[in-house]
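Engineer: The structure under discussion is supplied below as structure tokens; questions concerning it will follow.
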Amino acid sequence: MLKVCHLYPDLLNLYGDKGNVIAFLQRCRWRQIPVELVEVNVGEPVNFHDIDFLFLGGGSDREQNLMAADLLARKDSLVEAINQGLVVLAICGGYQMLGQYYLTTDGQRIPGLGILDHYTKAGNARLIGNVIIDMKIGAETIKVVGFENHSGQTFIGNMEPLGKVITGYGNNGQDGLEGVRHKNVFGSYLHGPLLPKNSKLTDLFIKLSLERRGIKQDLLPLEDRFEDQAVKVMVDRHIK
């Protein structure tokens with residue numbers, strides 16, 4: 001049985017981010033992989049050691065402030081689970097929160113969880129639009145598509161990015177990188193939601209979650225014609 005945890009679904013669900021959880025669950029069920037969803041809101045208990053896939057979405061500044069203290073109180077348990085292979089997908093505000101700090105336009109440094117080494121600073125303009133990145137999964141390079149809308153500019157230093165920007169802004173609109181990957185933690189600015197649009201990425205998370213349970217196996221292939229065609233349309237539209 002795989003256990004999926006959606007953290008703060010009532011607060012962090014911009015641009016249909018919950019669709020990431022739905023896609024993960026459905027692709028498991030199509031393969032007859034037993035899977036269970038746990039939704040955890042502020043103040044509710046969760047044991048990260050029992051979780052295989054953790055999703056943390058994006059929200060407005062108000063929503064993020066409401067849950068920041070709650071998440072900080074869970075940090076030690078979360079870090080321990082990450083070191084033991086917990087698979088994490090964090091989008092936009094959730095991605096920023098895993099880093100060292102957020103620097104506001106007036107110079108105020110708002111501490112993050114400090115789980116990853118990246119930091120974010122507020123920009124003067126919003127980075128908005130469709131994004132296409134090249135991402136490596138093993139020996140294969142795939143196109144990943146999504147939508148971004150953020151003013152924060154994130155810098156990941158020497159960490160591994162999720163992918164290289166083909167079109168769009170990505171982390172900061174400067175270095176050509178999007179997202180971050182550290183162990184089984186993935187951060188990204190791509191809304192849309194991300195996983196229903198990118199079946200191979202969803203399957204990577206399922207495979208890593210199974211491996212966390214000590215199960216190493218090839219996933220049963222699914223009929224992904226429509227998903228693949230949707231990605232192709234986006235790529236053809238934006239890459240000449």
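Engineer: Please report how far the C-alpha centroid of the range 214-240 lies from that of the range 25-43, rounded to the nearest whole angstrom.
Structural biologist: 21
Engineer: Which pairs break 31 Å Cα to Cα here: Lys207/Lys240; Lys121/Lys232; Lys18/Lys121; Lys183/Lys240?
Structural biologist: Violating the 31 Å Cα-Cα cut-off are Lys207/Lys240; Lys121/Lys232; Lys183/Lys240.
Engineer: If you don't mind, there's one more thing I want to ask. From Cα pairs below 8 angstrom and at least 6 apart in sequence, can you work out the relative contact order of the chain, rounded to a whole percent?
Structural biologist: 20
Engineer: Spelling out what I want: for every residue of the range 72-83, take phi, set θ = phi - 60°, compute 6.51 cos²θ - 1.76 cosθ + 1.60 (Karplus), and round to whole Hz; glycine and proline get x.
Structural biologist: Result, rounded to whole Hz: 4, 5, 9, 4, 4, 5, 5, 4, 4, 5, 4, 5.
Engineer: Could you line up Phe48, Phe155, Phe24 from fewest to most neighbouring Cβ atoms inside 10 Å?
Structural biologist: Ascending Cβ contact count within 10 Å gives the list Phe155, Phe48, Phe24.
Engineer: What distance in nm separates the simple spin-label points at Thr167 and Asp10, each placed 7 Å from Cα in the Cβ direction?
Structural biologist: So the label points at Thr167 and Asp10 sit 4.1 nm apart.
Engineer: Taking the Cα-to-Cβ direction at Ile22 and at Ile128 and moving 7 Å from each Cα, how far apart do the two end points lie in nm?
Structural biologist: 2.4
Engineer: Taking the alpha-carbon set of the chain, what are its Rg and Dmax in Å?
Structural biologist: 16.9, 52
Engineer: Given R₀ = 35 Å, what would the calculated FRET efficiency be for Ser151 paired with Asn47, taking r from the Cβ atoms and rounding to 0.05?
Structural biologist: After rounding, the FRET efficiency stands at 0.50.
Engineer: Which distance in nm do the two modelled labels at Val233 and Glu80 give, with both placed 7 Å along the Cα-to-Cβ direction?
Structural biologist: If labels sit at Val233 and Glu80, their model points lie 4.7 nm apart.
Engineer: If each DSSP helix of 4+ residues adds -39,500 (n - 2.57) and the sum is divided by the residues in the chain, what number results at 222 nm, nearest 500 deg cm²/dmol?
Structural biologist: -9000 deg cm²/dmol
Only the coordinates and a few stated rules stand behind these numbers; no lab work does. Model, not experiment: these values are computed from the prediction. No Cβ is skipped: glycine too gets one built from the backbone with ideal geometry, and neighbour counts run over all protein chains shown.
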